[in-house]
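A short worksheet on the structure shown next.
Nothing in this text is a laboratory measurement; each read-out follows from the coordinates by a stated rule. Bear in mind the structure is a predicted one, so any value in this text is a computation, not a measurement. Positions of Cβ are backbone-derived with ideal geometry, glycine not excepted, and every protein chain shown enters the neighbour counts.
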Amino acid sequence: MNNRLYGNLIFELSHAGRRGFSLPANEFGTHDMPEWAQRQTAAALPECDEMTVVRHYTNHSQNNFGVNNGFYPLGSCTMKYNPVINEEMTALPLMQNLHPAQAEDTCQGVLSMMYGLQHKLSALTGLSAFTLNPFAGAHGELTGLMLIRAYHHEKGQDQRVKVIVPDSAHGTNPASAAVCGLEVVEVKSTADGMVDVDDLRALLDDKVAAVMMTNPNTLGLFERQIPEIARLVHASGALLYYDGANLNPMLGVCRPGDMGFDVMHINLHKTFSTPHGGGGPGSGPVGVIAAMEHLLPSTVVKDGDKYTMRRNHGQDGQTPISVGANAGNVGVMIRAYTYILSLGRENIKMVGPLATLNANYIKEALKDDYLLPIDTVCKHEFVFDGLKDKSTGVTTMDVAKRLLDYGYHAPTIYFPLLFHESLMIEPTENESKQTIDAFIATMHRIAEEARTEPDTVKSAPHNTPIGRVDDVLAAKHPVLTYRQMTAEEA
Ligand SMILES: *Cc1c(COP(=O)(O)O)cnc(C)c1O
């Protein structure tokens, strides 16, 4: 593919005087701009013909990698198939042209969709009510923690300012607690990757507002001690929070509400499909037990046969919890609702078992070449600690880069922080056996290359438009505007 010419920076394709547009004659007369507002030198904008611009951007778009290009086993992110019907539903003119401020009687359809989604989420999780307001998983966590603070406040328990978070937790958990003004306390994991119940017991006192848990946890393991943990947490007067960013392995199998969780968020953009690379778009609905329903910032309710958005203005002088303007990220909700409805009550029960089967199949097939620190049955994802044979000097980073050469997106690497060479793989439920077998063969091949030609792996990728970047330099000294490369750099 001749990407060189059109893949260049658009400034380098510029030719003085080239135009890709023509504007109609000005019918509105001229207005003199005050001297002070006029620029002194012409803006240095690229000047290109239309085809050059179209090819430039089209080629750039093809340098991207998404789930629709190939297998994307990014652990903790649940990159799954995004059915075209989701996009069709979201693109319906009636959905696209909605305005957040439009009168409720003109958007009963979308309100009924939101109402239906709230109910489906309740049915799938066993929690009493949901708000769809938060715009991401982390935003849901913050909302959930604000609700927990408000709940304790109502009970006169303002001294509860600590949040207990497992050392394996997603980084957003402690971050959300800190943003909420709460103090983060870490609870250890046992050698087999579970929350250490004895450590937890010792940490629980009347200063603790909540314990945040992820189940299956970040190692992809089902936390077996939840009934006991729930009992301990509730006995201490705290609440139990469930990070349901990746609820897929649990769908139709078991429900956080039944396990004793009081508050949770779900990432609609992971669990129920939505393209979400690069940080968006997202939606992180928050569900609560009945005793907390009145605190939710907004919910769609049904009054007779009319749907309406109920906003919480705060009872009895209490500060209402406000987490975002308008209804939330409706496009993501439509995709999630479509995903749930197109699977239906029966098929949604297959999501969890299939995701679990796929992950275990890969784990077992590769554990001869890759180090499996916790060798038990996993749920939707699992973590290797790099290659088993460390003598070659080939790291997890090298394996990840080499996978790009073979047309795979890399798994999540160097997370969780419990191991030095973490390589976290999540295949999702809708990958075929053929795809998974081809990935396994490639991973074996890379392990073989590490033994026989380690330099090939260490210098990968070789086939991508951009080679190995210096990500530390890029983070510390980002170049965010165009400048001509010097002869040395070029
Ligand atoms: C992705 C993820 C989050 C954060 O979700 P965002 O939408 O990225 O803010 C929180 N917890 C877990 C376990 C996750 O995988």
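Couple of notes before you dig in:
- Amide H within-cut-off set for Tyr370, under 5 Å, with H built and near neighbours excluded: Lys388
- Segment Ala178-Thr435, length gained on full extension (0.36 nm per residue, minus Cα span): 88.4 nm
- FRET efficiency estimate (nearest 0.05) - Cβ-Cβ, Lys207 to Tyr414, R0 41 angstrom: 0.80
- For Arg451 and Glu346, the difference between the fully extended length at 0.36 nm per residue and the C-alpha to C-alpha distance is 33.1 nm.
- Residues Lys188, Lys379, sorted so that the one with the fewest Cβ neighbours within 10 Å comes first: Lys188, Lys379
- Segments 137-143, 153-159 sorted - mean Cβ within 10 Å per residue, highest first: 137-143, 153-159
- Loop GluC sites (Glu not before Pro), segment 398-490 (other Cβ atoms within 10 Å of the site Cβ: 16 or fewer; DSSP): Glu488, Glu489
- Checking the Cα-Cα distances for Lys80/Lys367; Lys401/Lys476; Lys207/Lys270 against a 26 Å cut-off, the pairs over it are Lys207/Lys270.
- Distance in nm between pseudo-label sites at Phe65 and His119 (7 Å out along the Cβ direction from Cα): 4.3
- Under the simplified labelling scheme, the Ala16-Ala325 pair shows an inter-label distance of 4.4 nm, with each label point 7 Å from Cα along Cα→Cβ.
- Length released on extending from His477 to Leu98, taking residue separation times 0.36 nm less the Cα-Cα span: 132.3 nm
- Cα gyration tensor shape for the chain, rounded if a/c is under 1.5, else prolate or oblate: oblate
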